[in-house]
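Scroll down for the structure; my scribbles are underneath it.
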Amino acid sequence: GKGIAVFKSFGSISACCVTVSKQGAGVKLEKVVSVIDCGHYVNPDNVKAQTEGNIVMGITAAVKKGITFTNGQSEQTNFHQYQVMRFNEMPAVEIHIVESGAEPGGVGEPGLPPVAPALANAVFAATGKRIRRLPFDLNTLA
């Protein structure tokens, strides 16, 4: 299944397409393609690196446990308790930058918002199940 989502923020437009395949009672992340129109930019490697980081954090927010608080303090003290998606869990990733020549926009945040919705749409396309709450377990969607 493929799912897409588009978002506009910080003067940039970002779109994401996530591909998943059915695997047992769940799905497997196969590929993420992200496109960003951030207007005029200086360093394409920086734009791609920021967008790749956005993909990691977007998928992490969608499928990993979040940060929890007790009495106003985080219960997680470091990355041994807050599990960011690991390299071996990452799907194939493609980043495309639109050469629009528009006014410069942001690249630090705009790639993140469409990731989880695109993933949820891909899950729906593959399984027929709508995701309404985050995080969710990729392995138990039946």
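The values are calculated or read from the model by the stated rules, or taken from the named source; none is laboratory data. These numbers were taken from a predicted model, which means no experiment stands behind them. Methodologically, a virtual Cβ is constructed for each residue, glycine included, from the backbone with ideal geometry; neighbour enumeration extends over all protein chains shown. Heavy atoms of the whole protein, side chains included, go into the accessibility calculation; ligands, DNA and RNA do not. Shrake-Rupley method; radii C 1.70, N 1.55, O 1.52, S 1.80 Å.
Considering only residues that are touching a helix residue (DSSP H, G or I) at 6+ places or on another chain (Cβ under 7 Å) and either basic (Lys, Arg) or at pLDDT 95 or above (or both), which ones fall in segment 62-89? Working first, answer last.
Within segment 62-89, the first condition is being touching a helix residue (DSSP H, G or I) at 6+ places or on another chain (Cβ under 7 Å), and the residues that meet it are 62, 84-85.
Passing the criteria: only 62.
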Of the residues that sit in segment 67-84 and are of a type outside the set (S, T, N, Q) and outside any strand (DSSP E or B), which one is nearest to the chain's Cα centre (by Cα)? 84
Per the filter on segment 100-142, residues more than 15 Å from residue 15 (Cβ to Cβ) and of a type in the set (Ser, Thr, Tyr) are 127, 140
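Got at least one residue in segment 19-34 being surrounded by 15 or more Cβ atoms within 10 Å (Cβ to Cβ), more than 25 Å from residue 104 (Cβ to Cβ) and charged (D, E, K, R)? Show your work before the answer.
The initial filter retains those residues of segment 19-34 that are surrounded by 15 or more Cβ atoms within 10 Å (Cβ to Cβ), namely 19-20, 26-27, 29-34.
Narrowing further to those that are more than 25 Å from residue 104 (Cβ to Cβ): 19-20, 26-27, 29-31.
Among the residues that remain, those that are also charged (D, E, K, R) are: 30-31.
Yes - at least one qualifying residue is present in segment 19-34.
Please indicate, with yes or no, whether at least one residue in segment 116-138 is at positive phi, surrounded by fewer than 16 Cβ atoms within 10 Å (Cβ to Cβ), without any contact (Cβ under 8 Å) to a residue 12 or more places away in the chain and more than 19 Å from the chain's Cα centre (by Cα).
Within segment 116-138, the first condition is being at positive phi, and the residues that meet it are 128.
With surrounded by fewer than 16 Cβ atoms within 10 Å (Cβ to Cβ) added as a condition, the list becomes 128.
Now restrict to residues that are without any contact (Cβ under 8 Å) to a residue 12 or more places away in the chain: 128.
With the extra rule that they be more than 19 Å from the chain's Cα centre (by Cα), the set shrinks to 128.
So far as segment 116-138 goes, yes, one or more of its residues are at positive phi, surrounded by fewer than 16 Cβ atoms within 10 Å (Cβ to Cβ), without any contact (Cβ under 8 Å) to a residue 12 or more places away in the chain and more than 19 Å from the chain's Cα centre (by Cα).
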Limited to segment 78-100, what total is found for residues that are out of contact with any strand residue (DSSP E or B) (no Cβ under 9 Å at 6 or more places or on another chain) and open to solvent by less than 70 Å² (accessible area, probe 1.4 Å)? 2
Can you find even one residue in segment 46-53 that is open to solvent by less than 70 Å² (accessible area, probe 1.4 Å) and in contact with a Lys or Arg (Cβ under 9 Å, 6 or more places away or on another chain)? no
Please work out which residue is farthest from residue 51 (Cα to Cα), limiting yourself to segment 85-129 and to residues that are of a type in the set (D, E, K, R) and not in a helix (DSSP H, G or I). 129
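Would you mind stating whether residue 39 is under 20 Å from residue 115 (Cα atoms) and not aliphatic (A, V, I, L, M)?
Working: under 20 Å from residue 115 (Cα atoms): no; not aliphatic (A, V, I, L, M): yes.
No, not satisfied.
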